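Report on the following structure.
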Amino acid sequence: IRSLRALHGKVSKKTEQISREISKAALENKKMSMTAYRQTEAFIQLSNLLQFKSPIPATRSWAASPDVLLSLLHHAKQSNPKTILDLGSGMSTLVLAKSAPAAKVISIDNSAEFAQKTQEMLSLHGVSNAEVRVAPLTAHTSGVDWYDLSKIADLSDIDLLFIDGPPGSKNDRARHPALTECLSKLSPRAIIVIDDAGRDGEKDLAQEFAKALPSHTFEFLSHEKG
């Protein structure tokens, strides 16, 4: 009887553990399904609103997600910007240029190869109001590597700033120079959109922008990547 009771206790404990793991897996699957559904919704809206006539790159993994691209479209259409700075070229460059055809879009990329692919994509889509500049990463006074400052020296009165570069997965302060280098170049009505704000580094950068611009409003969007 003692052996059976001991066995029953072990089986019950194991059953509870398996049950918890199943519940956790089910919750995770539900979360992943909801994320996929929301991104599909955003992509369908994006595609319908911009009417792409040529192929577009993937909007998964490290690329800008459909939800943030839809937000960029909304802000670009509503704010009527004249100058847009896109830190990190790609699908965001195309969306911004098509959403605000009267604006001049300057896109900065540290990769010559990726910048060329973005330029080719823009040409395929007949976009003429966007310029892609290659800015190698160089040592910045903040202690991290950031874009070659000469590539943005001529810019001023930026109405819309999108920060999605340089790559920030390995250094949580990789994008922080954007504050010191771009703040004085912003127009009074500028909108700043920071991707990957679910990460601590980008979240801190957003807070620093908010402190530097007390007349602006701060909003955290519950996008796939924050």
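A few points about this structure:
- Projecting the Cα atoms of Tyr37, Pro55, Ile18 onto the charge dipole of segment 12-57 (Cβ charges, centred on the Cα centre) puts Ile18 farthest toward the positive pole.
- In nm, spacing of pseudo-spin labels at Ser3 and Ser184 (7 Å Cα→C-beta vector): 8.4 nm
- Averaging the Cα positions of each part gives two centres, and for segment 38-91 and segment 161-189 these lie 19 Å apart.
- Cα Rg over Rh - segment 56-126, Kirkwood: 0.94
- Cβ-Cβ distance of Lys104 and Leu27, R₀ of 45 Å, FRET efficiency by 1/(1 + (r/R0)^6): the value works out to about 0.45.
- Distance distribution note for segment 89-140: the fraction of Cα pairs above 14 angstrom is 46%.
- Contour excess over end-to-end distance, with Cα ends at Lys82 and Met34 and 0.36 nm allotted per residue: 13.7 nm
- Between Asp200 and Arg20, residue separation times 0.36 nm minus the direct Cα-Cα distance comes to 61.9 nm.
- Calculated mean residue ellipticity, 222 nm, the chain: -15500 deg cm²/dmol, from DSSP H runs (n ≥ 4) at -39500 (n - 2.57) each, averaged per residue and rounded to 500.
- Averaged per residue, the chain has 57 square angstrom of accessible surface, using a 1.4 angstrom probe with ligands and nucleic acids left out.
- Evaluated over segment 1-155, the count of Lys pairs having alpha-carbon atoms less than 18 Å apart is 10 (only pairs 8 or more residues apart or interchain).
- Quarter the surface of the alpha carbon convex hull of segment 16-86 and you get the mean projected area, 6.9 square nanometres.
- Note on the chain: Cα-Cα pairs beyond 27 Å make up 39% of the total pair count.
- A Gaussian network model of the chain, with springs between Cα atoms under 10 Å, assigns the largest mean-square fluctuation among Asn171, Asn29, Asn80 to Asn29.
- Taking the chain and dividing mean pair separation by its residue count, relative contact order in percent (alpha carbons under 8 Å, at least six apart): 15 percent
- With kT/(6 pi eta Rh) evaluated at 20 °C and eta = 1.002 mPa s, and Rh the Kirkwood radius from Cα pairs, segment 21-60 diffuses with a coefficient of 178 µm²/s according to Stokes-Einstein.
- Shown for the chain: the carbon plus sulfur share of the solvent-accessible area, taken with all protein chains present and a 1.4 angstrom probe, equals 55%.
- Segment 13-144: Cα Rg divided by the 2.2 N^0.38 Å rule of thumb: 1.38
- Here is the P(r) of segment 102-219: all C-alpha pair distances, binned every 10 Å from 0, give 12, 43, 36, 9, 0 in whole percents.
The values are calculated or read from the model by the stated rules, or taken from the named source; none is laboratory data. Just so it is clear, the model here is predicted, and its values are computed rather than measured. Note that we place each Cβ from the backbone using ideal geometry, even for glycine, and neighbour counts take in every protein chain shown. The protein model used for the area step is the full one, side chains on, heavy atoms only, and it has no ligands, DNA or RNA in it. Shrake-Rupley method; radii C 1.70, N 1.55, O 1.52, S 1.80 Å.
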